[in-house]
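What follows is calculated from the coordinates using simple rules that are stated; it is not laboratory data. This one's a predicted model, so the numbers in the text were calculated from it and none came from an experiment. No Cβ is skipped: glycine too gets one built from the backbone with ideal geometry, and neighbour counts run over all protein chains shown.
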Amino acid sequence: MKFFVVMLFALLLVACERDSSPVNTYAKTSVDMKLVQVSEHTWYVKGASGVATDNEGFISNAGVVITDNSVIVFDALGTPSLAQKLLEEIRKITDKPVTKVIVSHYHADHIYGLQVFKDIGAKIHVPAGADEYLSSETSRERLEERRFSLDPWVNESTRLVKPDYYYEKGESFTEGGVTMTVSLVGAAHSDGDLTLYVDTDQVLFSGDIIFEGRIAFLGDADTRHWLQTLERMETSELKALIPGHGSAAADPNQAIGQMRRYLAFLRKIMTDAFENLQSFDEVYDEVDWSEFSHLPAFNEANRRNAFQVFLSIEREQIELEQQ
């Protein structure tokens, strides 16, 4: 009898040693998350429309590319809990290893889930310019704020993850029979933005260069560069576009066009205001916003967006005068 007890104890020790996977210590999230297939190799999860702390922080999208031998994730969502749920959804489809996370830009709603993938061995690939965010006081203040506003899903164990690889220029690569192209957009929506085009499927992951079906949050974006990027994208041949926020666009050019029209409209109105020496409040109240006022997040974002563009037009004009 003693022999069998010793053998059972030994077998239990071996089983424990074999199960070396990290214990999930993340707060459970109750959001509805489901991977939606867009093409043969591409999937995505869709966050809800709303501000950053709505829906337990699940307000942005993340993409998944499943190749013959690996999984590549595009953006990591706004909390570790959400990223853990995304990983669980991936595991319902495939047991292939997640080898890489390509980050469209370093904003909180896209990066706080990175630690989940980093801890299972994935490499973090980001656009040049991400370091500016990581080293900024803004990044530290934002994390502290989210530890309060998104507690317990963002908490003291949530950390900013440093990248393993920086894209200094665009590049193409093939992994597991799937060819992909990373394109640098530069400082548009953030200090550094990129897109991922899955050449094999003709599907574009646009990050926050495109907000589908809702008003974008412009932040401190370089809207002049952003607008130029959209104008180039509108001539592309795409079968589908997966934006940083909103549903996958079956008609990519329509989604790109709506975003382009919004930025162009803001820039025209605020340029005219600057040239006519009008105050922001005066011009904002005179504008007919009806083309965009029905879109989700208009009330939360539009006035702030317009004021940001008003200030940026002033800066652009000053820079031109100094040249």
| request: Only helical DSSP H runs with n ≥ 4 go in: add -39500 (n - 2.57) per run for the chain, normalise by residue count and round the 222 nm mean residue ellipticity to 500 deg cm²/dmol. | output: -12000 deg cm²/dmol
| note | Zone reached by a paramagnetic label modelled 7 Å from Asp54 Cα along Cα→Cβ, restricted to region 283-304 with backbone N below 17 Å, covers 292-304
| Low-density loop positions, GluC sites (Glu not before Pro), region 238-323 - DSSP coil, at most 16 other Cβ in 10 Å | Glu291
| Not counting the cut sites, what is the longest span of the chain without trypsin sites (Lys or Arg not before Pro) that DSSP labels loop and that have at most 15 other Cβ atoms within 10 Å? | 35-158
| request: Among the GluC sites (Glu not before Pro) in region 109-196, which ones are in a DSSP loop with at most 14 other Cβ atoms within 10 Å of the Cβ? Mind listing them? | output: Glu156, Glu168
| task | Answer with a single label: of (1) 33, 21, 19; (2) 33, 27, 18; (3) 41, 22, 18, which was calculated as semi-axes √(5λ) of the Cα gyration tensor in Å from the structure in view? | result | (3)
| message | Can you tell me the orientation of helix 80-93 relative to the chain, as the angle in degrees between its alpha-carbon axis and the longest Cα principal axis, to the nearest 10? | response | 70 degrees
| query | For Ala249, what is the net charge nearby, where nearby means another residue's Cβ is under 15 Å from its Cβ and Lys, Arg count +1, Asp, Glu -1? | reply | -1
| message | How high is the relative contact order of the chain? Use alpha-carbon pairs under 8 Å, at least six apart in sequence, and give a whole percent. | response | 14 percent
| note | If every Lys and Arg gets +1 and every Asp and Glu gets -1 at its Cβ, then about the Cα centre the chain yields a dipole, in debye to the nearest 20, of 1460 debye
| query | Arranged by the count of other C-beta atoms within 10 angstrom, fewest first, what order do Met233, Met33 take? | reply | Met33, Met233
| Any idea how many Lys pairs in the chain come in under 14 angstrom at the alpha carbon, given 8 or more places apart or on separate chains? | 10
| How much of the DSSP beta bridge set in the chain is antiparallel, as a percent to the nearest 5? | 60 percent
| remark: If one compares the long axis through the Cα atoms of helix 252-275 with the longest principal axis of the Cα atoms of the chain, the angle in degrees, nearest 10, works out at 40 degrees
| query | What residue among Asp131, Asp272, Asp220 shows peak mean-square fluctuation when the chain is described by a Gaussian network model with Cα springs under 10 Å? | reply | Asp272
| note | Bounding extents of region 195-296 in its principal axis frame from Cα atoms, largest first in Å, are 51, 26, 21
| Centre separation in Å (Cα based) which lies between region 86-152 and region 234-253 | 23 Å
